[in-house]
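Trainee: Okay, handing you the structure first.
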Amino acid sequence: DTAVSQTPKYLVTQMGNDKSIKCEQNLGHDTMYWYKQDSKKFLKIMFSYNNKELIINETVPNRFSPKSPDKAHLNLHINSLELGDSAVYFCASSQGGIGLETQYFGPGTRLLVL
Amino acid sequence: GQNIDQPTEMTATEGAIVQINCTYQTSGFNGLFWYQQHAGEAPTFLSYNVLDGLEEKGRFSSFLSRSKGYSYLLLKELQMKDSASYLCAVRDITGGFKTIFGAGTRLFVKA
């Protein structure tokens, strides 16, 4: 029944490790996103995919690599984690098209790098 | 570039009306959204304006003036559960139809 789901919900790890966050949407949407929300609550776009193709790639370190195996999934892999990567990561999806840009967010993944 | 400004915090009383303002500067405006985010939860969609004027949806209304780069979210008959952050977000067609979020306004509703 969940529209946009993310796993894991919490992730605590050591600096230097590599980790992945998974996202799935069952809304039939064409576009998926990854956002980072830091301690100041700014929600910043990181990546956007439309039908498995990358369309937005903000100034994000290349340690972050998104992968979209199909249009219902957008995973985020992070190499060599740093303290500054600690944040809440939200996945979202939207149908796309004029008037259909409303984004539906997943529950978030709380990443803490020690 | 893009810039979105909204007040950091507001406090209002249960049953009252509150207006949360948002001003924006963007080169390729293509719509404005308001999202609600309760502490520890994901943002959820409240409203969308692309043309000037007022959009009403129950206790919530949103207004847009494109010429002034201005929007507001109006919450009527405030309830305690309305205590949350309210995020103004602008869709920009430059650079691939990005949605740029403001920092949010934390609303505290007191009894």
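The values are calculated or read from the model by the stated rules, or taken from the named source; none is laboratory data. Since this is a predicted model, take the numbers as computed values, not measurements. Virtual Cβ from ideal backbone geometry, glycine too; neighbours counted across all protein chains shown.
Trainee: Looking at the range B:92-101, can you tell me whether even one residue there is touching a Leu at 6+ places or on another chain (Cβ under 8 Å), assigned to a strand (DSSP E or B) and either farther than 26 Å from A:Ser39 by Cβ or at pLDDT 95 or above (or both)? Give the derivation first.
Mentor: Taking the range B:92-101 and keeping what is touching a Leu at 6+ places or on another chain (Cβ under 8 Å), we get B:101.
Retained after the next criterion (residues that are assigned to a strand (DSSP E or B)): B:101.
Pick out the ones that are also either farther than 26 Å from A:Ser39 by Cβ or at pLDDT 95 or above (or both) and you get none.
The answer is no, given that none of the residues of the range B:92-101 is touching a Leu at 6+ places or on another chain (Cβ under 8 Å), assigned to a strand (DSSP E or B) and either farther than 26 Å from A:Ser39 by Cβ or at pLDDT 95 or above (or both).
Trainee: Restricting the range A:23-47 to residues that are aromatic (Phe, Trp, Tyr) and assigned to a strand (DSSP E or B), which is farthest from the other protein chains (Cβ to nearest Cβ)? Explain how you work it out, then say what you get.
Mentor: Of the range A:23-47, the ones aromatic (Phe, Trp, Tyr) are A:33-35, A:42, A:47.
Those still in the list that are assigned to a strand (DSSP E or B) too: A:33-35, A:47.
On the way: A:Tyr33: 8, A:Trp34: 13, A:Tyr35: 8, A:Phe47: 11 Å.
Once the filter is applied, the top-ranked residue is A:Trp34.
Trainee: Next question, about the same structure. Here's a check for you: in the range B:16-50, which residue that is within 13 Å of another protein chain (Cβ to nearest Cβ) and in a loop (DSSP other than H, G, I, E, B) is nearest to B:Ala103 (Cα to Cα)?
Mentor: B:Pro43
Trainee: Further question on the same structure: In the range B:51-66, is there at least one residue being within 13 Å of chain A (Cβ to nearest Cβ), modelled with pLDDT under 95 and under 24 Å from A:Thr31 (Cα atoms)?
Mentor: Yes: one or more hits.
Trainee: Something else: From the list B:Phe45, B:Phe108, B:Phe63, which residue is in contact (Cβ under 8 Å) with a residue 12 or more places away in the chain and surrounded by 18 or more Cβ atoms within 10 Å (Cβ to Cβ)?
Mentor: Details: B:Phe45 fails: surrounded by 18 or more Cβ atoms within 10 Å (Cβ to Cβ); B:Phe108 fails: surrounded by 18 or more Cβ atoms within 10 Å (Cβ to Cβ).
Sole residue among the options that is in contact (Cβ under 8 Å) with a residue 12 or more places away in the chain and surrounded by 18 or more Cβ atoms within 10 Å (Cβ to Cβ): B:Phe63.
Trainee: For residues that are crowded, with 19+ Cβ neighbours inside 10 Å and free of Cβ contacts under 8 Å to residues at least 60 places away in the same chain, scanning just the range B:76-86, find the one that is farthest from the other protein chains (Cβ to nearest Cβ). Break it down stepwise before answering.
Mentor: Pass one, the range B:76-86, residues crowded, with 19+ Cβ neighbours inside 10 Å: B:78, B:82, B:84-86.
From what's left, free of Cβ contacts under 8 Å to residues at least 60 places away in the same chain: B:82, B:84-85.
Working: B:Asp82: 18, B:Ala84: 12, B:Ser85: 7 Å.
Here the answer is B:Asp82.
Trainee: Condition first: under 21 Å from B:His38 (Cα atoms) and of a type in the set (Gly, Ala, Ser). Can you find one or more residues in the range A:22-43 that meet it?
Mentor: Scanning the range A:22-43, I find at least one residue that is under 21 Å from B:His38 (Cα atoms) and of a type in the set (Gly, Ala, Ser), so the answer is yes.
Trainee: Now for a different question. Filter the range A:72-114 down to residues that are of a type in the set (Asp, Glu) and in a loop (DSSP other than H, G, I, E, B) and give me whichever is surrounded by the fewest Cβ atoms within 10 Å (Cβ to Cβ). Give the derivation first.
Mentor: Looking only at the range A:72-114, we keep the residues that are of a type in the set (Asp, Glu), and these are A:82, A:85, A:101.
Applying the additional criterion that residues be in a loop (DSSP other than H, G, I, E, B) yields A:82, A:101.
Values: A:Glu82: 12, A:Glu101: 20.
The residue in question is A:Glu82.
Trainee: Identify, by number, the condition in (1) in contact with a helix residue (DSSP H, G or I) (Cβ under 8 Å, 6 or more places away or on another chain); (2) free of Cβ contacts under 8 Å to residues at least 24 places away in the same chain; (3) among the hydrophobic types (A, V, I, L, M, F, W, C) that B:Leu54 doesn't meet.
Mentor: (1)
Trainee: Is there a residue being on the phi < 0 side of the Ramachandran plot, within 14 Å of chain B (Cβ to nearest Cβ), touching a residue at least 24 places away in the same chain (Cβ under 8 Å) and buried (at least 18 other Cβ atoms within 10 Å of the Cβ) anywhere in the range A:48-71?
Mentor: yes
Trainee: Also: For the range B:102-111, which residues satisfy the criterion of being in a strand (DSSP E or B) and away from chain A (no Cβ under 14 Å)?
Mentor: Filtering the range B:102-111 down to residues in a strand (DSSP E or B) leaves B:105-110.
Across the range B:102-111, the qualifying residues are B:Phe108, B:Val109, B:Lys110.
Trainee: Hey, another quick one. So which residues in the range A:1-22 are part of a loop (DSSP other than H, G, I, E, B) and either touching a residue at least 60 places away in the same chain (Cβ under 8 Å) or touching a helix residue (DSSP H, G or I) at 6+ places or on another chain (Cβ under 7 Å) (or both)? Steps first, please.
Mentor: Let us first name the residues in the range A:1-22 that are part of a loop (DSSP other than H, G, I, E, B), namely A:1-3, A:8-9, A:14-18.
Once the filter is applied, which keeps residues that are part of a loop (DSSP other than H, G, I, E, B) and either touching a residue at least 60 places away in the same chain (Cβ under 8 Å) or touching a helix residue (DSSP H, G or I) at 6+ places or on another chain (Cβ under 7 Å) (or both), the range A:1-22 yields A:Ala3, A:Pro8, A:Lys9, A:Gln14, A:Met15, A:Gly16, A:Asn17, A:Asp18.
Trainee: Hey, another quick one. Would you say B:Gln25 is more than 20 Å from A:Thr102 (Cβ to Cβ) and at pLDDT below 95? Please lay out each step first, then the result.
Mentor: On the way: more than 20 Å from A:Thr102 (Cβ to Cβ): yes; at pLDDT below 95: yes.
Taking the combined requirement at face value, the residue satisfies it.
Trainee: Still on this structure, please answer the following. Of the residues in the range A:72-107, how many are within 14 Å of chain B (Cβ to nearest Cβ), small (Gly, Ala, Ser) and within 15 Å of A:Gln37 (Cα to Cα)?
Mentor: Qualifying residue count for the region: 3.
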